[in-house]
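S.K.: Let me give you the structure first, and then I'll get to my questions.
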Amino acid sequence: MNHIEQLWNKMATAYDAFTSGKNAYRDTIEWPCIQSMLPDIKGKSVIDLGCGSGRYTFLLEDAKPRKLTGVDISDEMLRIAREKAQSRGSMARFVKGDLHDFVPEDQYDVVFSSTLSHYIVDLFPLFANIYDMLTYKGICIISVVNPIYSAHITKVSQGEAAPHADSFIQPWYNGDEELEELLSYSYHHTFSDYINAIIHNGLTILEMQEPLHSESANTDGSVREIPSYLIIKLQKN
C-alpha cells in the first residue's frame with residue numbers, strides 16, 4: 001500500500017483538477033443522484049471514505065451534519081483538502097487511513113463513499129468495515145463505477161505486470177503523458193461481486209440507481225445509454 005500511497009501523492013493535483021473541472025461527471029451525473037438518495041443528515045455524524053481532496057466532504061457539509069470526517073490514504077490529497085477546509089472555514093476533519101484496515105474512533109450515522117471500490121481487489125473487507133463503522137440503523141451511500149461501464153474499459157494486457165486478471169487503467173485517466181507512469185491499477189467488479197459482499201456482511205440494500213448522461217451531454221447516443229455509476233443505499237440492521 002505504500003506504493004499506492006506514493007502514486008496518489010503524485011497524482012493528487014491532477015485528480016483534484018479533473019474532479020473540479022467544468023461539466024465534470026461528478027457534478028452533472030453523480031451528485032444529483034446522490035442527493036436524491038441521501039437521508040437527512042442534519043445533526044448526524046458523517047464519514048467520507050476515500051475523500052480525496054474533499055470535494056464531496058464539503059458538499060455533504062452543506063447539509064449541516066453534526067460531525068464530518070474525511071479519510072484518505074494520500075497525504076497530498078489530505079493536504080489539499082485541509083487547505084480548502086481552512087479557506088472555507090469548514091468544520092470537517094481529515095484523517096489518514098488505509099480502508100483495508102481503517103478503524104475510526106467512533107461509529108457514524110452515515111457512511112459515504114464515491115468511486116473508491118474499483119481501487120480495491122476484494123470487496124468483502126470493505127463492506128465489513130462499512131458495517132462496523134455504522135451505528136444501528138445507520139445509512140451508507142456508496143457510489144461505484146458501474147460494472148457495465150468498467151466491463152467496456154480496455155483491460156491491462158497480460159504482458160504487463162497486472163496484479164489481477166480484471167485490472168484496467170483508471171477511468172478518469174485523460175491521456176496525460178506526465179501521469180502515464182504513475183497510474184495505479186483499478187479493478188472490475190461485477191454486480192454479483194457487490195451484492196454478495198453486501199449480503200455476506202449483513203447490510204440491507206434499500207435502493208439502487210444508475211444515473212445516465214443527460215441528453216444535452218457532449219457524448220454520442222451509445223455512451224449516454226451506458227451508466228457510468230451505480231449508486232447503492234444500504235442500511236445496518
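The values are calculated or read from the model by the stated rules, or taken from the named source; none is laboratory data. Nothing here was measured: the structure is a model prediction, and the numbers come from that model. Please note: Cβ atoms are built from the backbone with ideal geometry, for glycine as well, and neighbour counts cover all protein chains shown.
S.K.: Regarding the range 106-126, can at least one residue be identified that is surrounded by fewer than 22 Cβ atoms within 10 Å (Cβ to Cβ), closer than 23 Å to Arg66 by Cα and acidic (Asp, Glu)?
M.R.: Checked the range 106-126: at least one residue is surrounded by fewer than 22 Cβ atoms within 10 Å (Cβ to Cβ), closer than 23 Å to Arg66 by Cα and acidic (Asp, Glu).
S.K.: Something else: Among the residues of the range 36-56, is any closer than 15 Å to Val144 by Cβ, hydroxyl-bearing (Ser, Thr, Tyr) and modelled with pLDDT of 95 or more?
M.R.: Yes, some residue in the range 36-56 is closer than 15 Å to Val144 by Cβ, hydroxyl-bearing (Ser, Thr, Tyr) and modelled with pLDDT of 95 or more.
So that you can scan it fast, the table gives a plain yes or no per residue for (1) farther than 15 Å from Ser114 by Cβ; (2) in a helix (DSSP H, G or I):
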| position | (1), (2) |
| --- | --- |
| Met11 | yes, yes |
| Asp16 | no, yes |
| Asp27 | no, yes |
| Glu30 | no, yes |
| Ile34 | no, yes |
| Ile47 | no, no |
| Phe58 | no, yes |
| Gln86 | yes, yes |
| Phe94 | yes, no |
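S.K.: Given the residues Ser222, Ser192, Ser216, which is the only one that is at pLDDT below 60, not hydrophobic (A, V, I, L, M, F, W, C) and not in a loop (DSSP other than H, G, I, E, B)?
M.R.: Ser222
S.K.: While we're looking at this one, here's another question. Only one of Ile141, Ile153 is closer than 19 Å to Phe191 by Cβ and at pLDDT below 85. Can you tell me which?
M.R.: Working: Ile141 fails: at pLDDT below 85.
Result of the check over Ile141, Ile153: Ile153.
S.K.: Follow-up. Across the range 195-213, what is the total count of residues that are modelled with pLDDT of 95 or more, part of a loop (DSSP other than H, G, I, E, B) and among the aliphatic types (A, V, I, L, M)?
M.R.: Applying the first criterion (modelled with pLDDT of 95 or more) to the range 195-213 yields 195-210.
Then drop every residue that is not part of a loop (DSSP other than H, G, I, E, B), which leaves 201-202, 210.
Next cut, among the aliphatic types (A, V, I, L, M) only: none.
Residues flagged as modelled with pLDDT of 95 or more, part of a loop (DSSP other than H, G, I, E, B) and among the aliphatic types (A, V, I, L, M) within the range 195-213 amount to 0.
S.K.: Among the candidates Asp98, Asp40, Asp132, single out the residue that is more than 17 Å from Ala12 (Cβ to Cβ) and in a loop (DSSP other than H, G, I, E, B).
M.R.: Working: Asp98 fails: more than 17 Å from Ala12 (Cβ to Cβ); Asp132 fails: in a loop (DSSP other than H, G, I, E, B).
Among Asp98, Asp40, Asp132, only Asp40 is more than 17 Å from Ala12 (Cβ to Cβ) and in a loop (DSSP other than H, G, I, E, B).
S.K.: Looking at the range 11-25, I want the residues that are under 9 Å from Met77 (Cα atoms) and of a type in the set (Val, Ile, Thr) and have a partner that is modelled with pLDDT of 75 or more and assigned to a helix (DSSP H, G or I) with Cβ atoms under 9 Å, at least 6 apart or on another chain. Which pairs are those?
M.R.: These pairs meet every condition: Thr13/Glu76; Thr13/Ile80.
S.K.: Separate question: Mind listing whichever residues of the range 48-71 are of a type in the set (Lys, Arg) and either under 14 Å from Lys84 (Cβ atoms) or touching a helix residue (DSSP H, G or I) at 6+ places or on another chain (Cβ under 6 Å) (or both)?
M.R.: Of all residues in the range 48-71, those of a type in the set (Lys, Arg) come to 55, 64, 66-67.
Of everything in the range 48-71, just one residue is of a type in the set (Lys, Arg) and either under 14 Å from Lys84 (Cβ atoms) or touching a helix residue (DSSP H, G or I) at 6+ places or on another chain (Cβ under 6 Å) (or both), namely Arg55.
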